[in-house]
Structure formats: C-alpha cells, structure tokens
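Coordinate-derived values only; no laboratory data. Please read all numbers here as calculations on a predicted model, not as lab measurements. Here the Cβ positions follow ideal geometry from the backbone for every residue, glycine too, while neighbour counts run over all protein chains shown.
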Amino acid sequence: MSYPLFPLNTVLFPSCMLDLQIFEARYLDMVSACMKRGEGFGVVTILEGQEVGEAASRFSAQGCEALIRDFQQRSNGLLGIRVEGGRRFRVDSVEVQPDQLTLAEVGWLADAEDGPLLPEHADLAALLGALAEHPMVASLGMGGVVGGQLALANQLAYLLPFSLEQKLQVLQLSEPLRRLELIQLLLEQMQGEMTA
C-alpha cells in the first residue's frame, strides 16, 4: 500500500501531539483523503530540502504515523490540524507524484514490551512533570504523570531541545529502557556543554 509522507523539520514520536498548519494543495488533498478513509499519514524528518515547494530531496529512513485528532480553520484562513503520533515505520521505497506529494511503501516497526517506571527514572519523570508546566506543552495536553517507560521516553525525546539527529537516534530504538538510557546520556552531555 502506498502511504503518503509529510516531510517536516521535526521528529514525531508515538502518542505525542503536533499542531500543523496546512496550506499547500498537495497536503490539503492528502489530509482530506486521510480523513475520508480514517487513516493517518507518515511524518518523516527532512535531512535535505525544504518543507514547502518541491519534495524534500532527503529525509529520514524512519518515521512516525500521524493520526488526525482535530482540525479547525485558523484565523488566517488556513487549515489547522492536530495529529497524534501512532506507529513507527521504516521507509522501504519512495515515489514522488507530479504534485510533489511523496508516497512510500513502508514497513511497520514494533515496539518492545513496555516496562514500569523504575526508581532510577525518578529524575526523568520529575523533568517531564516540570515540562508539563510550560504553556506550549500544556496546550498540547502532554507531560505530567505517565504510566510506563515508553510514554516517558517518547515525551521527553519529543519535548527536550535535542538535535534532530539525536531525536532520530531515540526514535530508532525499539526498547523503552534503551531509549531512556540514551535520553539520560544526551541530557548529561547537554549539561556538560552548559557548564563548560
């Protein structure tokens, strides 16, 4: 099945919320088709190229399904949609349509079994709680108390100011515990750079 892709300058994670403003004809058509079919589209990260105009020349080989949860006409007349990250996928092959919409054959990636939060995750859980106080995070309905390692890892990787490459590294890991270990390492590196 050909799956529509939306290359963006961001990394979407499962169960995380993203607000998008849609104005290009190819994406308006894509969103309309997805809503009619009750299906999502794929968000991949641009490695080379732009979000608007011609199809991005290079993007990540892995991405995240975007499920449309809400839509509204913005005050500027453009369509606004809120999507929630769904399943992770791998891009197997790509075809660019004449309207510059990118279609892909994708393989769905399974996450390893979720685990409960452990005592060593207390600081990371507290950090997510602190992030939930930020107005932007609160407006997305994210942050706060999470039930397991997977939600904690996904939300922290999504919300923290890591580079796109670092976020993609986290997204590629299937085990929640390994994702949390990498996030801890990236945080330590970031703190080291701040004190250096």
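A compact table of results
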| quantity | calculated |
| --- | --- |
| Viscosity 1.002 mPa s, 20 °C: Kirkwood-radius Stokes-Einstein D of the chain over Cα pairs, µm²/s | 122 |
| Förster radius 41 Å - calculated FRET efficiency between Asp29 and Glu113 (Cβ-Cβ, nearest 0.05) | 0.60 |
| Normalised contact order of the chain, rounded percent, pairs of Cα under 8 Å and 6 or more residues apart | 22 |
| Mean residue ellipticity (222 nm) of the chain, computed from DSSP H runs ≥ 4 via -39,500 (n - 2.57), nearest 500 | -10500 deg cm²/dmol |
| Fewest-first sequence of Tyr27, Tyr3, Tyr158 by Cβ atoms within 10 Å of each Cβ | Tyr3, Tyr27, Tyr158 |
| Global geometry of the range 119-195, whether rounded, prolate or oblate, following the gyration tensor of its Cα atoms and the 1.5 cut on a/c | rounded |
| Approximate spin-label separation Val96-Asn76, in nm, with each point projected 7 Å along Cα-to-Cβ | 2.5 |
| The range 119-195: relative contact order as a whole-number percent, Cα under 8 Å and 6+ apart | 25 |
| Nitroxide proxy distance, nm - points 7 Å out along Cα→Cβ at Glu39 and Ser174 | 2.4 |
| Choice from Pro119, Pro14, Pro176 showing the highest fluctuation, given a GNM over the chain with Cα pairs closer than 10 Å | Pro119 |
